[in-house]
Amino acid sequence: MNVYDSQRIAGILQSLGYQETTSQAEGDIVIFNTCHIREKAAEKVFSDLGRALLIKNERKEQGKDTIIGVCGCVVQAEDEQIAKRAPFVDFATGPLTYHRLPEILERIARKKNISIIDTDFPAESKFDYLPENHSLGACSYLAIQEGCNNFCTYCVVPYTRGVEYSRPIEEILKEAKRLIQSGSLELNLLGQNVNSYHGEDKFGKERNLAYLLHCLAELDGLKRLRYTTSYPADMTDDLIACHKDIPQLMPYLHLPIQSGSDTILKAMNRRHSKSDYLRIIDKLKQANPQIGMSSDFIVGFPGETDKDFQETLEVVNHVKYIQAFSFKYSKRPGTPAALMSNQIEEKVKKERLEILQTLLFEYQDKFNRSCVGKTMPVLFENKGRHTGQLIGRTPYMQNLHASLDKENLNKIINIKVTEATTNSLSGEAI
Ligand code: SAH
Ligand code: SF4
């Protein structure tokens, strides 16, 4: 979602006549788009801002002004900290208000030495104010939903991105058509809880994600569809059926369980048990036996015992994820879990994360190696490090390197996989 927001912020600046630079020292405006999900991500921005100030001072000696801005969830959650720890910041605006950037920059241009911090939860939707979105390559993100009403006890998202909002169907279709016309072959629909999507159609009737996927699958020229991130309790049967009925829907789904222990899931305020989750996976596999699963995990949530942690490992052994993201529980200010008295020692969190990641990587590695000898359609998005090499994505989101001319960029090519490591594949065009 932050990559999407950054692209949209760049789009706003381009519409004002700015151009992207390759180095920070050349930037008349430097913007940090920030994440508040874990403490490590949030702290990073303050060290980055310190470095940006040094560059701003160097540029000043050369007679150049620099505007430093901060966007994203850290602004929403820590506006006072930004004002205190980085008073040189010219503006800070939250994830729901960055469409106001033109007005903010105009105010800064008119009146030097003011600092603007905008952390409203605005009544208007930013999507109504952003400039038209065009493809930057063959794979595009398309935000269809934002915010969250679930309030998992560890998570800041409902406080930083606000309550759930679904964009209307027609607006999404219009943006999708524009992205396809400007070169997108793949659309990745985004939302913090993308599968709780409930936008209105042109008659004002509420429609769900399954309906939207069917509408998108009708669009000429669209070859691949994905959606992320899904909340297990919102995996409805009609959405699961899309994995059987819509050929453009890629056979890969990110469906975070977080923990394999029902006690911990309850303390996390997740609306699914371990067996609910496994039942959904069974149904998905019935709908499409080729589907590969991915998940997020949190280890060391307050009160997590060795037995709870073992249950997480059991889920991993059962599902055999082809990819996953795992984190140590991070205490977030203002969330209920941060106040729980049974916090887990750092040392234990670290040990559990190592054990979990070793197991997850084993399955990822096994899956990647099982692809050797197979032929896969690969969408090539980037040039590789070596000349004559391109990097693309398989249907399972694996990175694949191949020796190909750059004319093959932004195309889907059938590739025979010849080598595999834990993190990537190599192959040859057939
Ligand atoms: N809506 C998605 C997740 C969005 S947040 C869902 O409910 O599954 C992305 C991931 O960050 C989460 O899945 C979780 O694994 C991780 N995360 C969120 N808050 C965290 C915290 N306080 N500590 C550690 N990881 C966290
Ligand atoms: Fe955060 Fe996801 Fe839970 Fe919402 S559902 S509170 S985004 S972890």
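Given the structure, is TYR141 assigned to a strand (DSSP E or B), touching a helix residue (DSSP H, G or I) at 6+ places or on another chain (Cβ under 8 Å) and more than 16 Å from ligand 2 (Cβ to nearest atom)? Even if it seems obvious, please write down each step before you answer.
On the way: assigned to a strand (DSSP E or B): yes; touching a helix residue (DSSP H, G or I) at 6+ places or on another chain (Cβ under 8 Å): yes; more than 16 Å from ligand 2 (Cβ to nearest atom): yes.
Taking the combined requirement at face value, the residue satisfies it.
Could you list, in sequence order, the residues of the stretch 162-181 that are touching a Leu at 6+ places or on another chain (Cβ under 7 Å) and either open to solvent by less than 10 Å² (accessible area, probe 1.4 Å) or within 22 Å of TYR98 (Cβ to Cβ) (or both)?
Answer for the stretch 162-181, where residues must be touching a Leu at 6+ places or on another chain (Cβ under 7 Å) and either open to solvent by less than 10 Å² (accessible area, probe 1.4 Å) or within 22 Å of TYR98 (Cβ to Cβ) (or both): GLY162, ILE169, ILE172, GLU175, ALA176, LEU179.
Is it the case that the stretch 277-296 has a residue that's within 11 Å of ligand 1 (Cβ to nearest atom) and surrounded by fewer than 20 Cβ atoms within 10 Å (Cβ to Cβ)?
Checked against the condition, which is being within 11 Å of ligand 1 (Cβ to nearest atom) and surrounded by fewer than 20 Cβ atoms within 10 Å (Cβ to Cβ), the stretch 277-296 yields at least one hit.
Look at the stretch 4-42 and say how many of its residues are open to solvent by less than 80 Å² (accessible area, probe 1.4 Å) and under 30 Å from THR153 (Cβ atoms).
12
Residue under question is MET376, and the condition is that it be on the phi > 0 side of the Ramachandran plot and modelled with pLDDT of 95 or more; does it hold? Working first, answer last.
Numbers: on the phi > 0 side of the Ramachandran plot: no; modelled with pLDDT of 95 or more: yes.
No; evaluated as a whole, the condition is false for this residue.
Mind telling me which of the residues GLY221, GLY260 ends up being among the small types (Gly, Ala, Ser) and open to solvent by less than 10 Å² (accessible area, probe 1.4 Å)?
Selected residue: GLY260, the only one of GLY221, GLY260 that is among the small types (Gly, Ala, Ser) and open to solvent by less than 10 Å² (accessible area, probe 1.4 Å).
Would you say VAL157 is touching a Gly at 6+ places or on another chain (Cβ under 8 Å), surrounded by 17 or more Cβ atoms within 10 Å (Cβ to Cβ), of a type in the set (Val, Ile, Thr) and in the same structural domain as GLY204 (by TED's automatic domain parsing)?
Taking the combined requirement at face value, the residue satisfies it.
Of ARG107, ARG100, ARG161, which residue is modelled with pLDDT under 95 and within 16 Å of ligand 1 (Cβ to nearest atom)? Break it down into steps so the answer makes sense when it comes.
Working: ARG107 fails: within 16 Å of ligand 1 (Cβ to nearest atom); ARG100 fails: within 16 Å of ligand 1 (Cβ to nearest atom).
Just a single option satisfies the conditions, and that option is ARG161.
Step by step: first the residues of the stretch 224-249, then only those that are open to solvent by 20 Å² or more (accessible area, probe 1.4 Å) and closer than 14 Å to LEU284 by Cβ, then the one that is nearest to ligand 2 (Cβ to nearest atom). Which residue is that?
Here the residue is ASP234.
Free of Cβ contacts under 8 Å to residues at least 24 places away in the same chain, among the aromatic types (Phe, Trp, Tyr) and away from ligand 2 (no atom under 16 Å from the Cβ): is that true of PHE203 in this structure?
Against the criterion (free of Cβ contacts under 8 Å to residues at least 24 places away in the same chain, among the aromatic types (Phe, Trp, Tyr) and away from ligand 2 (no atom under 16 Å from the Cβ)), PHE203 qualifies.
Can you tell me how many residues within the stretch 173-217 are among the hydroxyl-bearing types (Ser, Thr, Tyr) and not in a loop (DSSP other than H, G, I, E, B)? Let's see the steps before the verdict.
First, pick out the residues of the stretch 173-217 that are among the hydroxyl-bearing types (Ser, Thr, Tyr): 182, 184, 196-197, 211.
Those left that are additionally not in a loop (DSSP other than H, G, I, E, B): 196, 211.
The qualifying residues number 2.
Under the condition of being open to solvent by less than 50 Å² (accessible area, probe 1.4 Å) and assigned to a loop (DSSP other than H, G, I, E, B), which residue from the stretch 315-331 is farthest from ligand 1 (Cβ to nearest atom)?
ILE322
The values are calculated or read from the model by the stated rules, or taken from the named source; none is laboratory data. What you are looking at is a predicted structure, and each value in this text was computed from that prediction instead of being measured. Positions of Cβ are generated from backbone atoms using ideal geometry, with glycine treated the same way; all protein chains shown enter the neighbour counts. Just the protein is used for accessible areas: all its heavy atoms, side chains included, with ligands, DNA and RNA removed. Shrake-Rupley method; radii C 1.70, N 1.55, O 1.52, S 1.80 Å.
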